Amino acid sequence: MKIIYFFLLQVQNSEPDTLLMDMLQDESSMSFLEILSQGGFLMIPLFILSVLAIYVIAERWRFLDNSKMDINNTLNTVETLLKSGSQQRAVQYCDEFNKPLARILKAGIQKLGRPINDIRDSIKRAGKKEIFHLEKRMNWLATIAGVAPLIGFTGTVTGMIRAFMDIQSLQGNVNPSVLAGGIWEALITTATGLIVGIIAYGFYNYLLGKINRMVFELENASADFVDLLQAPAPKKRQEG
């Protein structure tokens, strides 16, 4: 006990620069995973949220890129097929593409021969369904962006509680190394939570912008398709 007491006195009486150098040397000898492990049990939900965020970002990015389609070329091809009287071929052409625009056009083509309002309603329903699929899992990313920093701030509170409990248990006779555990927990969880939240929030806005642009293009393409269906009608009446 006398040896420990003597050691504590030496640490308390040591110069600040010496303590700082010792702490920096300890930090430099720790690996990245060892540093993260100092964050305590709250690093587990933060790790899960980070993995989930990466999955949603990658999945949505890939889905949106695969959903792109040459709108002008598609509409021109469908128009050519319909004008030639090949409604079934137009449907088959849409079936070749597993993309939102193709499915919307197919819904309208299948209603040909019915009133234009029925065709327009069918296109609207198909469009709403495609928008739902485009926005799928985006709420997960928004939730992660909000929850991760809160978990990090919770780690700040638990880390400071731990530090003050150490102070109380030692009746105030403490040194920086005794408080290091609580401070590590407070800082690491906060930093990790903010990093995960910032990344999730940034990609949420970026992907949402891509979705909004795609929805705008689909709405314009749907309107052009309805106009396309109405255009041939007067010509047929003139021929008759």
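Observations on the structure shown:
- Subset of LYS68/LYS111; LYS111/LYS210; LYS106/LYS210 violating a 27 Å alpha-carbon distance limit: LYS111/LYS210
- Which of MET43, MET69 has the fewest Cβ neighbours within 10 Å, and the rest in rising order: MET69, MET43
- For LEU141, LEU52, the sequence from fewest to most other C-beta atoms within 10 Å is LEU52, LEU141.
Since every read-out is calculated from the coordinates, none of them should be taken as a lab result. As the structure is a computational prediction, the values presented were derived from the model and not from experiment. A quick note on method: Cβ atoms are made from the backbone with ideal geometry, for glycine too, and the neighbour counts reach across all protein chains shown.
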